[in-house]
1. How do 375-384, 216-225, 27-36, 407-416 rank on mean C-beta neighbours within 10 Å, highest first?
2. Going highest first, how would you order 286-296, 266-276, 120-130 by mean Cβ packing within 10 Å?
3. Residues of the chain: accessible area per residue at 1.4 Å, in Å²?
4. Apply the membrane-span-like helix rule to the chain: whole DSSP H runs, Cα extent along the own long axis of at least 18 Å, mean Kyte-Doolittle hydropathy at least 0.0. List the helices found.
5. Is there a pair in 23/163; 77/140; 285/444 whose C-alpha atoms are over 24 Å apart, and which pairs would that be?
6. What shape does segment 38-156 have by the C-alpha gyration tensor, where a ≥ b ≥ c are the square roots of the eigenvalues, rounded means a/c under 1.5, and otherwise prolate means a/b greater than b/c and oblate the rest?
7. Given axes a ≥ b ≥ c from the Cα gyration tensor, I'd like to know whether segment 310-397 is rounded (a/c under 1.5), prolate (a/b larger than b/c) or oblate.
8. Based solely on its DSSP helices, what 222 nm [θ] is calculated for the chain when runs of n ≥ 4 H residues each add -39,500 (n - 2.57) and the sum is averaged over all residues, nearest 500 deg cm²/dmol?
Amino acid sequence: MSEHTQGNPDLLYGLHERPAPAKAFLGAVQHVLASFVGIITPSLIIGGVLGLGEHIPYLISMSLMVSGVATFIQTRKIGPVGSGLMALQGTSFGFLAAVLAAGFVVKNRGGSPEEILSVIFGVSFLGAFVEIFLSQFITKLKSLMSPIVTGCVIVTIGLSLTKVGLTDLAGGVGAEDFGSMQNLLLGGGVLVSVVLISIIDNKVIRSSAIFIGLMLGLVAAMFMGRIDFSLVSEAPVFTLPVPFKFGFGFDWQAFIPIAFMYIITSIETSGDLTATSMISGEPIKGPLYEKRIKGGVLGDGVNSLIAAVFNTFPVTTFSQNNGVIQMTGIASRYVGFYVGAILFTMGMFPILGAIFTQLPKPVVGGVTLLMFATVATAGIRILSTVEFTHRNILIIATSLGLSMGVAFVPDVFAQTPQFFRNIFGSAVTMSGIVAIALDMILPKNYGVEFDEPEQHADEKLEPVRELSQSEIEIESQAL
């Protein structure tokens, strides 16, 4: 273990260890269950809002198939493309607003659903080159890669997502029985069962905590009459990918917000991969770490390119799967190969994916709430490697204060221009931008006079010296 490796004594299988096929498959199923809803939901939302109707099932299938291919590339690492970490890739929620904005540009001028999709996938394809280009020098931008920035971003990702988990646990957005005792008991029971299983001193059982918790929730939901498998029979039997099925369109007004989101997602991916590396007991500093970040961001861009070709929306690393690694103790990248195969198969045979859509929201929420919270703790662990100097505390407090404020009060920028809202309306974006800006602007010796000497033992910084009265007079005369 290198001097920069954080280490994780709770790991059952490290990054390069190969679990037996049965264990690897079970671990992969848990990753799929944790991410499945997140992968297909953007397609459901975009299709519903833009009125894409009959194309929605196809878009869902493509999102699953491309996520499978993208996960394989990211975990396998093909040449310089990919991080080589157990980093699952899926359709990005971050692009939701930008994709909808692009779609409305076409829809508002009377474009058909096919024209809407052609422009969305056209600008997504070209925009991916922004991230591919940025990946080549992202590790040289030290302010983007510093532990204080990635720590703040990861904490924000985890804490802001807990709202999603708790909302699902209570029944899901818009549910008529939201917050009912039945929902709380079902979701809370799943959460408690995962926690209890996770502390059992048996590697096989502990590594299956999420899967067992979800299956217990599924069984409980069946007894409560909340499962309707008749809907599964309505799913198409087989689907094949067709490159640029809807054509290739372009519009500058649609391109700009999506291009900007590719810049933002590069920062988010760096944070996610840093968390994955740390949870996997791998370095979060040094040449190997920087190579993985560079390859991972490049993988993000290349995979989003592939996504656009095969008619689905940009993909990115899924932060909730860091929670799966943390809770199961399985960080093996070989599990990612199984994840890719399962997702690809589910895309080809939509009826398989339809089965998992029957998991009630409270069951999924009971698991995701816990996983999102473990992502936040991963960020806290990264921040714990930073000296809590006056300067660093100011950066962390400002970044987390503003980002959590945006998460808690999303309408705070309701009266500002749309472009401003696109940038600062996201808690994660706010966290990253503020942390990066302050880390670049504040001098390294800012506030050093308030710190303990040992906090700067390796930096040899001196406090900002106050001018004497005579020096002040000399300066004044010079002016």
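1. 27-36, 375-384, 216-225, 407-416
2. Peptide ranking by packing, descending: 266-276, 120-130, 286-296.
3. It amounts to 43 Å² per residue over the chain.
4. What comes out of the filter, once short or polar helices are dropped, is 21-49, 56-76, 113-135, 147-169, 181-198, 209-223, 252-279, 286-309, 334-348, 361-383, 390-408, 427-441.
5. 23/163, as the Cα separations exceed 24 Å there.
6. Note, shape of segment 38-156 comes out prolate.
7. prolate
8. My calculation for the chain gives -21500 deg cm²/dmol from helical runs alone.
The values are calculated or read from the model by the stated rules, or taken from the named source; none is laboratory data. Treat the numbers as computed from the prediction; the structure is a model and nothing was measured. In this analysis, Cβ positions are derived from the backbone assuming ideal geometry, glycine residues included, and neighbour counts consider all displayed protein chains. Side chains are part of the model used for accessible areas, which takes the heavy atoms of the whole protein and leaves out ligands, DNA and RNA. Shrake-Rupley method; radii C 1.70, N 1.55, O 1.52, S 1.80 Å.
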